Amino acid sequence: MNHEPSDVIVYQTKDYSSFCMISGNRGLNDSKIKKIIKEIEGGNDMLRYYPIQVKAIGNRLEILDGQHRYFICTKLQRPVYYLIVSEQKTMPDIARVNSNVEKWTQQNFINCHVNHNNKNYIILQSFIDAYKINVGTSLNLLANGHPGVEGHNGTLKNLFETGEFEVKFYDEAISIASDCKRFESFHGWRDRSFVIAIHRIRKAGKISIADLAEQFNKYPDILQKQHSQKDYIYNLEQIVNHKKQNRIVII
């Protein structure tokens, strides 16, 4: 077999001060670091075969990918093996590549775009901090003005990961989330199915969410964890009609 050499050069150095982290790098994972160090100390040192990726800015080497390996090299006083990325790569570009190699969490993507001052992701993070509603539902609320459907939205996921997510329905998202929070004594009030149920009841307009919440506060034990938005609507209708002779339809 003929082995053709690559035009990509791998460098090495112990001048750790030449490297620097950039905004958008993921936080260091202690358990991951300990696991790799244990492997190395056990004789399985593969660091030279996995060079970190850097961007040369003057005398600085900005770490685009490989902050864990860099940290381990400094801790063990090993040479840092690195290659210089000549193409103009943004942090979101690196994020997409890294997420294919090593799974990025939704929070990793948010942190990446927040650190690049993307106002849409700053608003998203603030919304999640305020209501603790999961990322997928929060994305739908802020981008579409509704909580989505029970299932996966591949298009929105792709926009989110590539930094193209936009907040278009902030006021509507706050209104829906605030109505859901009226039921915060119920442990499942942040469930996507529950949020969808509240949204559908709001749209139907047959009962106000304030009146619904007031009835819930009288009989909180009736509301139970459900598997779907239809089940939540039925459950909430049970609460509304509790001890009433004339049935009230809420949707």
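Key figures for this structure:
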| read-out | value |
| --- | --- |
| Residue under evaluation Ala95, criteria (1) surrounded by 19 or more Cβ atoms within 10 Å (Cβ to Cβ); (2) modelled with pLDDT of 75 or more; (3) farther than 26 Å from Cys180 by Cα, criterion not met | (2) |
| In region 98-121, residue modelled with the highest pLDDT [restricted to those that are under 12 Å from the mean Cα position of the chain (by Cα), β-branched (Val, Ile, Thr) and assigned to a helix (DSSP H, G or I)] | Ile110 |
| Selection status of Ser138, surrounded by 15 or more Cβ atoms within 10 Å (Cβ to Cβ), under 24 Å from Gly188 (Cα atoms) and at pLDDT 95 or above | yes |
| Any helices (runs of 4 or more DSSP H) falling wholly within region 174-251 and containing at least 1 residues that are of a type in the set (Ser, Thr, Tyr) and under 26 Å from Ala143 (Cα atoms) | 192-204, 229-240 |
| Some residue of region 54-63 being within 20 Å of His116 (Cα to Cα), out of contact with any Lys or Arg (no Cβ under 8 Å at 6 or more places or on another chain) and among the acidic types (Asp, Glu) | no |
| Residue in region 168-200 that is surrounded by the most Cβ atoms within 10 Å (Cβ to Cβ), counting only those that are basic (Lys, Arg) and without any contact (Cβ under 8 Å) to a residue 40 or more places away in the chain | Arg182 |
| Residue match in region 229-243 (condition: surrounded by 14 or more Cβ atoms within 10 Å (Cβ to Cβ), more than 21 Å from Asp171 (Cβ to Cβ), among the hydroxyl-bearing types (Ser, Thr, Tyr) and free of Cβ contacts under 8 Å to residues at least 24 places away in the same chain) | yes |
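The values are calculated or read from the model by the stated rules, or taken from the named source; none is laboratory data. Here the structure is a predicted model, which means the values were calculated and not measured. As a convention, Cβ positions derive from the backbone with ideal geometry for all residues, glycine included, and neighbour counts pool all protein chains shown.
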